[in-house]
Amino acid sequence: MSVDTELTPEQMASLDSIFQAGLRAMAQGDYKDAVERFSQIIDDGFSNAVLLTTYGNALKGLKLFDKAVAACKSAVELDSGNMQALMNLGSAHLAAGDWQNAKAVYQGALGLFPGESEIHFNLGTAWLEGNELDEARSALQRAVALDRESFQAWVNLGAVRKRLGDFEGSREAYAKAVGLDPDEPRAQWNLSLAELSDGDYARGWDRYEWRQQVEDIPVRDFPMTRWDGRMEPASNLLIHSEQGLGDTLQFVRLLKFAKERVRNVCLLAPRPLCPILKHSGIADYVAGDTSELPPCHMHLPLLSLPRLTGNGFLGAIDQVPYLQARRDLVESWSKALDGDSHFKIGICWQGNPGYKEDRSRSVPLLSFESLCDDSDVELWALQKGSGLEQVQSFGPSERLRVQNAEFDVQHGAFMDTAALASQMNLIVTSDTSVAHLVGGMGLPVWLALPFVSDWRWGQYGDLTPWYPSMRLFRQDSYGDWSGVFRRISDALVKFKASA
């Protein structure tokens, strides 16, 4: 390590020893120890750009972002032409959520190093953080033009192209990334989603298996043989749900494929879904915990089932309906609504707010007000929990029926929802588990989708092989729910006329 003052060889050796210890601590993820060691050097009155920018990185590791920015600024002040110091300052700004200052740092760095792919990549990342997608794409395309081997630049370029609706370009970028590092799970998973969105199911489902190595996609494992689709008529098969409630409701139809090959299919499902899945006869056994299931000989994650269907995948998903409402609850709601001549539309607007893409997929309740322009329409909320706080701001409140707190409590989650939905003339919903519930019941449902929707809805068109009774309404541009609901209102006129 070099410093900006005269040091004896002994002092140099001592400082370098502390510095190297700090680097080792960082490599092991012990940022607290690293900060303490770098602070010791600085407190002794020695500093330079290398030390300060490394100190800033350690502070960033502790999420002390303001201090990290200050340390990196000091490094740049000492050596304004140090590219790595500039990169670390921009990174500290980004970590602090300040993409605009990060952008300014990277743009300044380009004035010094215009041909450096890393700077263009970092600038593109800053633009991406600020949701300035066209600028992000330009910067990232410049980064890969300067360095075709930049794995992370190809990954980020795939992400920004996808968000711009350039699905072909996104798939190409992810394929480039996978070619550079075929062992990187997230790149493989991103490419699988692009393939599935493109309808390339053979490649997509095979590659989708990489999800099990992506650290923030929890897929359980069990100490038994993993089923490979072969005939095992004497064996019990454990199929375990993964990811969200909607995924489970969407994919449980494939248990029929498994049932034809084993003695018993035992489904481990999220407990809220157990009542509707048990009632629908989805599996021989359905439970929320393995202790409630018989001994099993083999296991398989639910979303690995499509891969085993091979070329018969589309045929394996076409048997709808496969979910059923309880007859007594249906009869109860039928009696309660007897004599109500309104055209009844069940609505759901808010998905799980904890989902990272929920902001783009959930629809503000106010968007549904346009459906009330037709005086014959009455809206029935199928919404539970998050999202109900929007009800008080809904304009034509007398046209919106909201269920009481006991809804879906006494009989189990989704049980009242399924029964009430069966009495609606139409369901209009955002991309939530309710969409999969009513689609799986074969009910008429219109799905409002964001500009770039989830892979399962494909890229274009208003129909989906998943649910024959479903019609898709896609945004024409980011956030344009008004355009979606104008088209829904127009379609509603024709739908009512043909009913």
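The values are calculated or read from the model by the stated rules, or taken from the named source; none is laboratory data. The shown structure was predicted, so the numbers you read here are calculated from the model rather than taken from an experiment. Glycine also receives a Cβ, built like all others from the backbone with ideal geometry; neighbour counts cover every protein chain displayed. Note: areas computed on protein heavy atoms with side chains; ligands, DNA, RNA excluded. Shrake-Rupley method; radii C 1.70, N 1.55, O 1.52, S 1.80 Å.
Points worth noting:
- Test for residue 197: is it open to solvent by less than 60 Å² (accessible area, probe 1.4 Å), touching a Phe, Trp or Tyr at 6+ places or on another chain (Cβ under 7 Å) and touching a residue at least 12 places away in the same chain (Cβ under 8 Å): yes
- Pick from region 281-312, criterion in a helix (DSSP H, G or I) and of a type in the set (A, V, I, L, M), ranking: most open to solvent (accessible area, probe 1.4 Å): 308
- Test result for residue 431, part of a loop (DSSP other than H, G, I, E, B), open to solvent by 10 Å² or more (accessible area, probe 1.4 Å) and either in contact with a Leu (Cβ under 7 Å, 6 or more places away or on another chain) or at pLDDT 95 or above (or both): yes
- Being at negative phi and open to solvent by 40 Å² or more (accessible area, probe 1.4 Å) is a property that residue 147 has.
- Residue count for region 448-499 under the criterion of being hydroxyl-bearing (Ser, Thr, Tyr), surrounded by fewer than 19 Cβ atoms within 10 Å (Cβ to Cβ) and in a loop (DSSP other than H, G, I, E, B): the result is 5.
- Any hit, region 181-194, residues being free of Cβ contacts under 8 Å to residues at least 60 places away in the same chain, among the aliphatic types (A, V, I, L, M) and surrounded by fewer than 21 Cβ atoms within 10 Å (Cβ to Cβ): no
- Residue check, residue 123 within 19 Å of residue 89 (Cα to Cα), modelled with pLDDT of 95 or more, crowded, with 23+ Cβ neighbours inside 10 Å and of a type outside the set (Val, Ile, Thr): yes
- The combined condition, being crowded, with 18+ Cβ neighbours inside 10 Å and touching a residue at least 40 places away in the same chain (Cβ under 8 Å), is not fulfilled by residue 170.
- Condition check for residue 416: touching an Asp or Glu at 6+ places or on another chain (Cβ under 8 Å), open to solvent by 10 Å² or more (accessible area, probe 1.4 Å) and part of a helix (DSSP H, G or I): yes
- The residues of region 351-375 that are at pLDDT below 95 and in a loop (DSSP other than H, G, I, E, B), listed by number, are 351, 352, 353, 354, 355, 356, 357, 374, 375.
- Applying the condition of being of a type in the set (Asp, Glu) and assigned to a helix (DSSP H, G or I) to region 322-338 and asking which residue is most open to solvent (accessible area, probe 1.4 Å) yields 331.
- Test: residue in region 269-280 that is open to solvent by less than 30 Å² (accessible area, probe 1.4 Å), outside any loop (DSSP other than H, G, I, E, B) and either out of contact with any strand residue (DSSP E or B) (no Cβ under 6 Å at 6 or more places or on another chain) or on the phi > 0 side of the Ramachandran plot (or both): yes
- Failed item in (1) closer than 25 Å to residue 282 by Cβ; (2) within 23 Å of the chain's Cα centre (by Cα), with residue 216 passing the rest: (1)
- Scan region 256-268 for residues that are over 28 Å from the mean Cα position of the chain (by Cα) and either open to solvent by 30 Å² or more (accessible area, probe 1.4 Å) or not aliphatic (A, V, I, L, M) (or both) and the total you get is 5.
- Some residue of region 451-460 being at pLDDT below 95, more than 17 Å from the chain's Cα centre (by Cα) and under 24 Å from residue 167 (Cβ atoms): yes
- Close contacts from region 98-110, counting a first residue that is of a type in the set (Val, Ile, Thr) and a second that is open to solvent by less than 50 Å² (accessible area, probe 1.4 Å), with Cβ to Cβ under 8 Å and a gap of 6+ residues or different chains, come to 105/86; 105/89; 105/90; 105/93.
- Considering the conditions (1) of a type in the set (Phe, Trp, Tyr); (2) in contact with a helix residue (DSSP H, G or I) (Cβ under 7 Å, 6 or more places away or on another chain); (3) without any contact (Cβ under 8 Å) to a residue 24 or more places away in the chain, residue 322 is excluded by exactly one of them, (3).
- Wholly enclosed helices (runs of 4 or more DSSP H) of region 1-112 bearing at least 1 residues among the basic types (Lys, Arg): 9-27, 31-43, 49-61, 65-78, 99-112
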